[in-house]
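A.B. asks: This is the structure I have questions about; it appears just below.
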Amino acid sequence: MVGAAAYRLTSSDDGRDSGRKGLPSSGPSAASGEDLPYKVELWDEARTAVEQVLAVTASASIGFAAYHAATREFPHRYVTLRHKGSILSRWNTPAH
């Protein structure tokens with residue numbers, strides 16, 4: 001498994017001055033203690049477990065954008081967009 005990095009994406013008008021306009025902050029301190037309810041997940045080939053969390057965000061629009069990008073990047077894989085405990089959208093669902 002490839003190492004993963006966590007990114008916190010925010011809009012430019014979120015009231016915080018990181019000193020690095022337009023660049024995501026990374027590392028554990030960026031996400032610690034914050035509510036980031038939207039997740040884009042890439043599942044293993046057997047669709048039994050999440051292989052990698054591709055994006056985590058507080059914004060629904062950023063979550064959907066990341067989900068859309070993941071479906072283009074991994075068209076033959078099972079990808080989900082989750083809000084807390086609920087799956088909002090899934091790509092490449094099992095055949096009925």
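The values are calculated or read from the model by the stated rules, or taken from the named source; none is laboratory data. Because the structure is predicted, anything quoted here is derived from the model rather than measured. Don't worry about glycine lacking a Cβ; one is built from the backbone with ideal geometry, like all the others, and counts go over all protein chains shown.
A.B. asks: Modelled with pLDDT of 50 or more, over 12 Å from the mean Cα position of the chain (by Cα) and surrounded by 13 or more Cβ atoms within 10 Å (Cβ to Cβ) - does that describe any residue in region 51-67?
C.D. replies: Checked against the condition, which is being modelled with pLDDT of 50 or more, over 12 Å from the mean Cα position of the chain (by Cα) and surrounded by 13 or more Cβ atoms within 10 Å (Cβ to Cβ), region 51-67 yields at least one hit.
A.B. asks: Let me ask something additional. Go through region 51-87 and give me each residue that's closer than 9 Å to Val40 by Cα, touching a strand residue (DSSP E or B) at 6+ places or on another chain (Cβ under 6 Å) and in a helix (DSSP H, G or I).
C.D. replies: If the condition is that a residue be closer than 9 Å to Val40 by Cα, touching a strand residue (DSSP E or B) at 6+ places or on another chain (Cβ under 6 Å) and in a helix (DSSP H, G or I), then Gly63, Ala66, Tyr67, Ala70 are the ones that fit.
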